[in-house]
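Asks: Dropping a structure here in structure tokens format, bear with me for questions.
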Amino acid sequence: MQCPICKTEMRIASVRTEVVGDESKDRQTEVYTVQELVCRNKQCQNYGKAVDTVRTKIYPV
């Protein structure tokens with residue numbers, strides 16, 4: 001993905017795992033990986049800021 005301001009390719013700053021529905025037997029458990037993307041261009045006003053978040057379902061597929 002590109003920074004919306006400077007169009008530089010962003011980098012992943014952090015990754016975490018989210019679990020949804022694990023506390024209820026009535027709902028199927030879903031697991032997601034969540035990546036925070038930041039701009040890597042030092043001249044951009046978005047530099048080092050979380051510009052976008054990518055949430056990908058990894059279970060169940």
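The values are calculated or read from the model by the stated rules, or taken from the named source; none is laboratory data. For clarity, every value in this text was computed on a predicted model and none was experimentally measured. Every residue, glycine as well, gets a Cβ built from its backbone with ideal geometry; the counts of neighbours run over all protein chains shown. These area figures cover heavy atoms from the full protein model, side chains too; ligands, DNA and RNA do not enter into them. Shrake-Rupley method; radii C 1.70, N 1.55, O 1.52, S 1.80 Å.
Asks: How many of the residues in region 49-61 are part of a loop (DSSP other than H, G, I, E, B) and open to solvent by 70 Å² or more (accessible area, probe 1.4 Å)? Full working, then the answer.
Replies: First, pick out the residues of region 49-61 that are part of a loop (DSSP other than H, G, I, E, B): 49, 60-61.
Remaining after also requiring open to solvent by 70 Å² or more (accessible area, probe 1.4 Å): 49, 61.
Result for region 49-61: 2.
Asks: Residues of region 17-48 being more than 24 Å from P60 (Cβ to Cβ), open to solvent by 90 Å² or more (accessible area, probe 1.4 Å) and either of a type outside the set (D, E, K, R) or in contact with a helix residue (DSSP H, G or I) (Cβ under 6 Å, 6 or more places away or on another chain) (or both), which ones?
Replies: Q43, Q45, Y47
Asks: What are the pairs with Cβ atoms under 8 angstrom where one residue, in region 14-29, is of a type in the set (S, T, N, Q) and the other, located anywhere, is open to solvent by 100 Å² or more (accessible area, probe 1.4 Å) and part of a loop (DSSP other than H, G, I, E, B)? Sequence gap at least six, or different chains.
Replies: Pairs that qualify, where the first residue is of a type in the set (S, T, N, Q) and the partner is open to solvent by 100 Å² or more (accessible area, probe 1.4 Å) and part of a loop (DSSP other than H, G, I, E, B), are T29/D22.
Asks: Regarding S14, is this residue open to solvent by less than 80 Å² (accessible area, probe 1.4 Å), out of contact with any strand residue (DSSP E or B) (no Cβ under 8 Å at 6 or more places or on another chain) and either at pLDDT 95 or above or in a loop (DSSP other than H, G, I, E, B) (or both)? Break it down into steps so the answer makes sense when it comes.
Replies: Working: open to solvent by less than 80 Å² (accessible area, probe 1.4 Å): yes; out of contact with any strand residue (DSSP E or B) (no Cβ under 8 Å at 6 or more places or on another chain): no; either at pLDDT 95 or above or in a loop (DSSP other than H, G, I, E, B) (or both): yes.
Criteria not met by S14.
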